[in-house]
Amino acid sequence: MNEVDAAEKILESMLGKLGFEVQIDKEDTPDGPGLNILSSESKHLIGKNGDRLEDLQYLTNRILNKHYPDAPRVRVDCDRYRASQEERLIETVQHTAMKVVEDGKPRKLKPLNAYYRRLAHNALAEVEGVKTSSPPGSGRYKRIEVTKA
């Protein structure tokens, strides 16, 4: 059994013990292996702003790394929630960058976790005329500032 199969089994077992009937699809993402949960009760699995989904991903990876220390980080999604959130974030970030280029006023994005901050920085890396920065510190959620280059 490879690491992704083990992660699928861990996630399926966890959700089964919680009383959810789910189907899990394996997929390759640009960030590595992924598991997409298909369920009629997705709102319960996603939680408010994806917080339960983050928790499921965290627990799945912790258990997986206990048994397979060199396993890649597995991304957990539910009914493509994360994928649509990422697309929406990239659109918002690009729109913000266009406003900064037009009027020169710096703008801050909403607080983002490390993964979404990385997506935002990468989305704007190729945009002419803007630069991004994150404040230093150890907080989980930080606001990226988009300024004119």
Hits in region 48-66 (condition: surrounded by fewer than 16 Cβ atoms within 10 Å (Cβ to Cβ) and at positive phi):
Asn49
Could you tell me whether Tyr58 is among the aromatic types (Phe, Trp, Tyr) and in contact (Cβ under 8 Å) with a residue 12 or more places away in the chain?
no
Can you tell me which condition Glu8 does not meet? The list is (1) under 29 Å from Ile144 (Cβ atoms); (2) charged (D, E, K, R); (3) surrounded by 14 or more Cβ atoms within 10 Å (Cβ to Cβ), and all the others hold.
(1)
Against the condition in the same structural domain as Glu21 (by TED's automatic domain parsing) and either under 20 Å from the mean Cα position of the chain (by Cα) or more than 23 Å from Leu124 (Cβ to Cβ) (or both), how does Arg88 come out, does it pass?
no
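Please verify whether region 120-135 includes one or more residues that are outside the structural domain of Arg73 (by TED's automatic domain parsing), in a loop (DSSP other than H, G, I, E, B), under 15 Å from the mean Cα position of the chain (by Cα) and on the phi < 0 side of the Ramachandran plot.
Checking region 120-135: not a single residue is outside the structural domain of Arg73 (by TED's automatic domain parsing), in a loop (DSSP other than H, G, I, E, B), under 15 Å from the mean Cα position of the chain (by Cα) and on the phi < 0 side of the Ramachandran plot.
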For region 120-149, name all the residues that are in contact with a strand residue (DSSP E or B) (Cβ under 8 Å, 6 or more places away or on another chain) and under 22 Å from Tyr58 (Cα atoms).
Ala120, Tyr141, Lys142
Condition first: among the aliphatic types (A, V, I, L, M), free of Cβ contacts under 8 Å to residues at least 12 places away in the same chain, outside the structural domain of Leu53 (by TED's automatic domain parsing) and over 28 Å from Tyr58 (Cα atoms). Can you find one or more residues in region 100-112 that meet it?
no
Restrict the check to region 28-38 and report whether at least one residue is more than 14 Å from Val4 (Cβ to Cβ), more than 15 Å from the chain's Cα centre (by Cα) and not assigned by TED's automatic domain parsing to the domain that holds Leu112.
yes
Residue in region 21-43 that is farthest from Tyr116 (Cα to Cα), counting only those that are in contact with a helix residue (DSSP H, G or I) (Cβ under 7 Å, 6 or more places away or on another chain) and not polar (S, T, N, Q)
Val22
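The values are calculated or read from the model by the stated rules, or taken from the named source; none is laboratory data. What you are looking at is a predicted structure, and each value in this text was computed from that prediction instead of being measured. Here the Cβ is made from the backbone with ideal geometry for all residues, glycine too, and neighbour counts use every protein chain on show.
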